[in-house]
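Presented below is the structure to which this report refers.
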Amino acid sequence: MLYAAVAVRAFRRYSTYTTATLAGIFTNSVFGVIICFSYRAVWTQSPHAGGYDVRDALTYAWLAQALIMVVGIWGGGATDDVADRIRTGDVAIDLYRPVSFLGWWLATDLGRAAYHLATRGVAPTVIGYLLFDLRSPSPLGAALFLVSVLLAVVVSFGLRMLVATATFWLLDAGGLREVLVMLGLVLSGLSVPLVLFPGWLHTLVMALPWAAFVQVPVDIWLGHRTGAGVAAGLGFQLGWGVVLLLCCALLLRLAERRVVVQGG
């Protein structure tokens with residue numbers, strides 16, 4: 001119940017940023033249209049590129065835009081708050097709470113993600129359906145897609161928390177944060193669907209945690225993952241989520257033992 005309350009509080013906090021949300025929906029929709037015309041040109045020349053048809057590609061474009069803020073590809077969210085609290089020393093309060101540090105901030109980030117899913121996730125997708133002939137999932141596919149999005153947020157949180165925790169040693173993890181954003185733009189499939197990567201490069205990018213952000217959830221929506229493929233995709237996301245959270249816990253343990261909190 002505590003973590004649910006923390007998530008609800010985060011949801012309410014982000015719901016106060018109405019103007020930013022509306023501006024974000026507009027921006028995502030504009031980029032969705034632009035990318036769709038680019039993808040249409042590509043798939044007109046190569047009708048089955050990456051195993052997608054043009055309808056798959058257009059759907060991919062809109063879902064990728066819908067997931068940007070939900071998954072936190074641009075960074076931000078609870079982990080930026082953690083980095084700020086480490087710099088000021090306020091993180092000492094968090095570490096003294098009789099609750100899991102990671103659990104508290106993961107719940108906060110899930111609340112943020114839920115808000116963005118309900119707003120910047122749903123609205124651009126609806127606009128995409130109004131403007132283009134997009135592919136719709138089955139009810140089961142839609143449910144599995146939501147599960148995959150939840151796991152994508154956990155994986156993203158793990159990566160972002162690792163960078164935030166590095167602030168204990170680096171004083172300012174802004175540089176690492178920018179590197180993480182750039183990697184996310186390319187390796188998540190946001191810039192280009194990962195199915196277009198050739199040969200061994202495709203195998204490599206699909207094994208990295210960033211593939212959990214966009215490519216895996218969208219493939220489930222499109223029906224390119226069914227049965228064992230869905231289980232493998234969700235297992236891939238769950239595995240990376242567990243590994244990254246364990247790494248975060250280890251890094252926090254080292255920080256608690258060896259680092260004097262800045263500012264306190």
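The values are calculated or read from the model by the stated rules, or taken from the named source; none is laboratory data. Note that the structure is predicted; figures quoted are calculated from it, not measured. No Cβ is skipped: glycine too gets one built from the backbone with ideal geometry, and neighbour counts run over all protein chains shown. With ligands, DNA and RNA removed, areas are computed over all heavy atoms of the protein, side chains included. Shrake-Rupley method; radii C 1.70, N 1.55, O 1.52, S 1.80 Å.
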What does the charge count around residue 193 come to, taking other residues whose C-beta lies under 10 Å from its C-beta (Lys +1, Arg +1, Asp -1, Glu -1)?
-2
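Sequence gap at least 6, Cα distance under 8 Å: using those rules, report the relative contact order of the range 149-264 to the nearest whole percent. List each step's numbers first, then the result.
Working: 91 pairs, mean separation 45.1, N = 116.
Once divided by the residue count of the range 149-264, the mean separation gives 39 percent.
Please report the relative contact order for the chain, taking Cα pairs under 8 Å with a sequence separation of at least 6, and give it as a percent rounded to a whole number. Don't jump to the answer; show the numbers that get you there.
Numbers: 322 pairs, mean separation 71.6, N = 264.
Here the relative contact order equals 27 percent.
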With a/c under 1.5 counting as rounded, go ahead and sort the range 112-159 into rounded, prolate or oblate using the C-alpha gyration tensor (a ≥ b ≥ c being the square roots of the eigenvalues; past the cut-off, prolate if a/b is larger than b/c, else oblate).
oblate
Which of 2, 107, 88 sits closest to the plus end of the dipole of the chain, meaning its Cα is farthest towards the positive end, when Lys and Arg get +1 and Asp and Glu get -1 on the C-beta?
2
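Mind running the shape call on the range 1-65? Use the C-alpha gyration tensor, a ≥ b ≥ c as the square roots of the eigenvalues: rounded below 1.5 for a/c, prolate if a/b tops b/c, oblate otherwise.
Oblate.
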Once the Cα atoms of helix 174-187 and of the chain are each reduced to a long axis, what angle between those two axes, in degrees from 0 to 90 to the nearest 10, is obtained?
20 degrees
Counting only other residues whose beta carbon sits under 14 Å from that of residue 245, what net charge do I get with K and R as +1, D and E as -1?
+1
Can you give the charge dipole size of the chain about its Cα centre, rounded to the nearest 20 debye, using +1 on the beta carbon of Lys and Arg and -1 on the beta carbon of Asp and Glu?
340 debye
Sort 46-59, 92-105, 73-86 by packing, meaning the average of other beta carbons within 10 Å per residue, with the highest value first.
73-86, 46-59, 92-105
Give me the net charge of residue 225's neighbourhood, meaning all other residues with Cβ under 13 Å from the Cβ of residue 225; Lys, Arg count +1, Asp, Glu -1.
-2
To the nearest µm²/s, what D does Stokes-Einstein give for the range 103-252 at 10 °C and 1.306 mPa s, using the Kirkwood radius over alpha carbon pairs as Rh?
97 µm²/s
In µm²/s, what is D for the chain at 10 °C and 1.306 mPa s, where D = kT/(6 pi eta Rh) by Stokes-Einstein and Rh is the Kirkwood radius from Cα pairs?
83 µm²/s
Most to least accessible of 219, 133 (protein chains only, probe 1.4 Å):
133, 219
Kindly report the accessible area of the chain per residue (heavy atoms of protein chains, probe 1.4 Å, no ligands, DNA or RNA), in Å².
46 Å²
